[in-house]
Amino acid sequence: MTDATDTRQVTIITGASRGIGAAIAERLAADGHDLVLTYRERRDEADAIARRCASSGARVLLLQVDLADLEATATVVPAAIAEFGRITGLVNNAGITGRIGSFLDASLEESDGLFRVNVLAPIVLTRAAIAHMATDRGGAGGSIVNISSGAARSGAPNTYIPYAMSKAALNALTTGASKEFGPVGVRVNTVSPGTTHTEIHAAAGRPNAPEERAPNIPMRRAGEPHEIAGAVAYLFSADASYTSGADIRVAGGN
Ligand code: NAP
């Protein structure tokens, strides 16, 4: 007899304690996914999100991982498989911007940390997820969504060029991996949010960035995390069964 849990999607979401990652977690839980949620340090907020997902019927594994530590990052996919027996999806969501300012003022140490979290950790996670999901390795296929940014195309001058560079690298991961692993049942897509109301702006030194940028956004407002989560949910749905290598911009017209 097939257990009902065998047919549920099992999806890893990095940086799910707050902001866009938390909204993705709540939305995918409501859509019937079991979840592996990672966070860096905000244990209480991560616990609260995990409880909310569980109340929607999701089984949840919560993992504390600093994605700048690539050895720790390498334990995430094996831990997920140990808990659920398999995974069917990954959302590379966690990301940091560095401080807003001129390219000439950004320290190399900051860029080093930024590239670990935004680029190297997704490489580690994506490789492990694909090695498990690819049909030529005994897997059942799966779906990966990379959370990029409009900064990848604008270059974010006077703001955070290294961050923009890291997101351009993530876009290349989607393009390359969707082509390399399409034949073995793995879809890879990007969602590129525009400015969205989260705490990432305060961490960058500009808490009011959403309000400051609103006049330059065609819809005249920043986005809300649940509006980004809707695009991610689409990419995990049956409606997206032929969608791979796409970049869905959720940016109010920008
Ligand atoms: P956020 O509110 O700052 O939340 C960041 C999340 O990532 C938190 O769960 C945090 O965990 C986790 N995290 C941060 N550094 C980490 C590390 N070193 N190791 C592990 N986890 C770490 O960010 P957000 O605005 O939701 O952004 C989510 C994604 O969307 C990012 O990739 C970002 O670049 C992208 N994005 C955001 C915007 C925007 O305007 N908000 C626009 C375009 C793209 P803790 O809570 O434990 O610290």
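Any idea what angle helix 19-30 forms with the longest principal axis of the chain, computed on alpha-carbon atoms, 0 to 90 degrees, nearest 10?
30
Just want to confirm a number: the relative contact order over the stretch 5-56, from Cα pairs under 8 angstrom separated by 6+ residues, in percent.
Reported as a whole number, the value is 42 percent.
Per-residue HN-Hα couplings for the stretch 180-194, Karplus 6.51 cos²θ - 1.76 cosθ + 1.60 at θ = phi - 60°, whole Hz, x for Gly and Pro?
Coupling constants for the stretch 180-194: 5, 10, x, x, 10, x, 10, 8, 9, 9, 10, 10, 10, x, x Hz.
Checking the a/c ratio against 1.5 first, then a/b against b/c, what shape does the Cα gyration tensor give for the stretch 150-206?
prolate
So what is the orientation-averaged projected area of the chain, using the convex hull of its C-alpha atoms, in nm²?
Answer in nm², one decimal: 13.2.
Roughly how compact is the stretch 156-254, stated as its Cα Rg over 2.2 N^0.38 Å to two decimals?
My calculation over the Cα atoms of the stretch 156-254 gives 1.21.
If you take the square roots of the eigenvalues of the alpha-carbon gyration tensor of the stretch 10-148 and sort them as a ≥ b ≥ c, do you get rounded (a/c under 1.5), prolate (a/b over b/c) or oblate?
oblate
With +1 on the Cβ of every Lys and Arg and -1 on the Cβ of every Asp and Glu, and nothing else charged, how large is the dipole of the stretch 8-246 about its Cα centre, in debye rounded to the nearest 20?
That gives a dipole near 460 debye.
Using alpha-carbon pairs under 8 Å, 6+ residues apart, how would you state the relative contact order of the chain in percent?
Rounded, it is 18 percent for the chain.
Based on DSSP H runs of at least 4 residues, each adding -39500 (n - 2.57), what is the mean residue ellipticity at 222 nm of the chain after dividing by all its residues, to the nearest 500 deg cm²/dmol?
-12000 deg cm²/dmol
Please list the non-local residues whose amide H lies under 5 Å from the amide H of Ile248, H modeled 1.01 Å from N, same-chain partners needing a gap of 5 or more.
Result for Ile248 returns Thr190, Val191, Ser192.
So which chymotrypsin sites (Phe, Trp or Tyr not before Pro) in the stretch 193-254 are both in a DSSP loop and have at most 10 other Cβ atoms within 10 Å of their Cβ?
Hits after loop and neighbour filter: Tyr242.
Could you give me the ³J(HN,Hα) list for the stretch 233-240, computed from phi with Karplus coefficients 6.51, -1.76, 1.60 and θ = phi - 60°, whole Hz, x at Gly and Pro?
Computed from phi, the couplings for the stretch 233-240 are 4, 4, 5, 8, 8, 4, 4, 9 Hz.
Can you order the peptides 109-116, 30-37 by their average number of other Cβ atoms within 10 Å per residue, highest first?
In descending order of packing, they fall as 30-37, 109-116.
Give the carbon-plus-sulfur fraction of the accessible surface of the stretch 8-246 in %, rounded to a whole number; probe 1.4 Å, heavy atoms of protein chains only.
52
Whose amide H sits under 5 Å from the amide H of Gly139, counting only residues 5 or more places off or on another chain, with H placed in the peptide plane?
Under 5 Å from the amide H of Gly139: Ala134.
Among Val119, Val91, Val188, determine the one that fluctuates most according to a GNM of the chain built with springs between C-alpha atoms less than 10 Å apart.
Its mean-square fluctuation being the largest, the pick is Val119.
Amide H to amide H under 5 Å from Leu62: which residues, 5+ apart in sequence or cross-chain, H placed 1.01 Å off N in plane?
Hits under the 5 Å cutoff: Leu37.
For the stretch 96-110, take each phi angle, set θ = phi - 60°, evaluate the Karplus expression 6.51 cos²θ - 1.76 cosθ + 1.60, and give the result in whole Hz per residue in order, putting x for glycine and proline.
With coefficients 6.51, -1.76 and 1.60, one gets 10, 9, x, 6, 5, x, 5, 4, 6, 9, 6, 7, 5, 4, 5 Hz.
The values are calculated or read from the model by the stated rules, or taken from the named source; none is laboratory data. Please read all numbers here as calculations on a predicted model, not as lab measurements. All Cβ positions, even for glycine, are placed from backbone atoms using ideal geometry, and neighbour counts span all protein chains on display. To get the accessible areas, we keep the full protein, side chains included, count just its heavy atoms, and leave off ligands, DNA and RNA. Shrake-Rupley method; radii C 1.70, N 1.55, O 1.52, S 1.80 Å.
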